[in-house]
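Here the structure comes first, spelled out in structure tokens, and everything after it is commentary.
The values are calculated or read from the model by the stated rules, or taken from the named source; none is laboratory data. Fair warning: this is a prediction, and the values are worked out from it, not measured in the lab. Cβ atoms come from the backbone with ideal geometry, glycine included; neighbour counts cover every protein chain shown. For accessibility, only protein heavy atoms count, side chains too; no ligands or nucleic acids. Shrake-Rupley method; radii C 1.70, N 1.55, O 1.52, S 1.80 Å.
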Amino acid sequence: MNVREEVMHLVGQIKRQLISSQEIGLDAPFVSTNSLNYLKKGPQMDAAPLGEDFCWSSLKELKDFMSNCERCRLSTERKNMVFGEGLPHARLVFVGEAPGMEEDVTGRPFVGPAGKLLTDIIKAMGLTREEVYIGNIVKCRPPDNRDPEPDEIGMCLPFLKAQISFIEPEIICSLGRIPAQSLVSRNFKITRDRGQWHYFLGIPLMPTYHPAYLLRYPHAKRDVWEDMQKIMKELRLKDPRELRDQNKD
Ligand code: URA
């Protein structure tokens, strides 16, 4: 870890400490409620508030609620809402952009060609799809796979926040430009800013390229693997190839 990463890591730990102190009713002595709210929210895209009637006690309840969601225009053309899937308390959460055609038909995230590549990346990290959690910024397919609009993202973001609060992962990995701009900063530039630690809801977030980009530009796989190695180091995961080599000796 270089000095910048170490400082970011420390800041993230302080943020989480402050947020959990507030949640269990302790005073956070040097931080105003406004600053704490900012820390919780971060500089990401504005989420359209849900109001006080919305409250779920589990991922399952949230999923059931969302299957009838009509908060934005994407609901009118979807076949299936794609909630996300994986281990309910996964250590690692991947966040993509939006369902594509195959995802819309099956109701499952990342099952098309980009999904197959993501599954391979997860395996190369020594994990399986069942051991992580995979979700998206918006849960319904944008027509003709266009980018989701900012208001659609704002409508769906509170659900992703709720999802992540239930899962409580140690690390989030965002895939591509739109998730990084939604979760980190509107000015995020994927070619310039990927591969550096950021925070969402106080959780370390590693932004990398979208697997669909890798299908078009395979040379970028090297960068993604570097980013995945940073995640593996944080999660103390061993490269399965190294393990295989060790067993040969
Ligand atoms: N691309 C995404 O961003 N998400 C999916 O679920 C599938 C493809």
Determine if region 183-195 includes at least one residue that is open to solvent by less than 40 Å² (accessible area, probe 1.4 Å), away from the ligand (no atom under 14 Å from the Cβ) and at positive phi.
-> yes
In region 236-249, how many are loosely packed, with under 15 Cβ neighbours inside 10 Å and closer than 25 Å to residue 114 by Cα?
-> 3
Given (1) surrounded by fewer than 23 Cβ atoms within 10 Å (Cβ to Cβ); (2) more than 17 Å from the chain's Cα centre (by Cα); (3) of a type in the set (A, V, I, L, M, F, W, C), residue 87 misses just (2)
How many of the residues in region 69-84 are open to solvent by 10 Å² or more (accessible area, probe 1.4 Å) and either within 8 Å of the ligand (Cβ to nearest atom) or aliphatic (A, V, I, L, M) (or both)?
-> 1
Residues of region 104-118 being crowded, with 19+ Cβ neighbours inside 10 Å and part of a helix (DSSP H, G or I), in sequence order, are 104, 114, 115, 117, 118
State whether the residues of region 193-213 include one that is closer than 23 Å to residue 62 by Cβ, in a helix (DSSP H, G or I) and under 16 Å from the mean Cα position of the chain (by Cα).
-> no
Across region 91-103, what is the total count of residues that are surrounded by fewer than 21 Cβ atoms within 10 Å (Cβ to Cβ) and more than 8 Å from the ligand (Cβ to nearest atom)?
-> 2
Would a scan of region 203-212 turn up a residue that is at pLDDT 95 or above, within 20 Å of residue 82 (Cβ to Cβ) and touching a Lys or Arg at 6+ places or on another chain (Cβ under 6 Å)?
-> no
Within the set of pairs 6 or more residues apart or between chains, which connect a residue that is within 15 Å of residue 135 (Cα to Cα) inside region 195-216 to a residue that is open to solvent by 10 Å² or more (accessible area, probe 1.4 Å) and among the acidic types (Asp, Glu) with Cβ atoms less than 7 Å apart?
-> 207/193; 210/97
Looking at region 119-154, which of its residues are assigned to a loop (DSSP other than H, G, I, E, B), open to solvent by 30 Å² or more (accessible area, probe 1.4 Å) and not polar (S, T, N, Q)?
-> 126, 141, 146, 147, 149
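For (1) more than 19 Å from the chain's Cα centre (by Cα); (2) of a type in the set (Ser, Thr, Tyr); (3) outside the structural domain of residue 154 (by TED's automatic domain parsing); (4) part of a loop (DSSP other than H, G, I, E, B), each residue gets a yes or a no:
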| position | (1), (2), (3), (4) |
| --- | --- |
| 179 | no, no, no, no |
| 185 | no, yes, no, yes |
| 188 | no, no, no, yes |
| 225 | no, no, no, no |
| 230 | no, no, no, no |
| 245 | yes, no, yes, no |
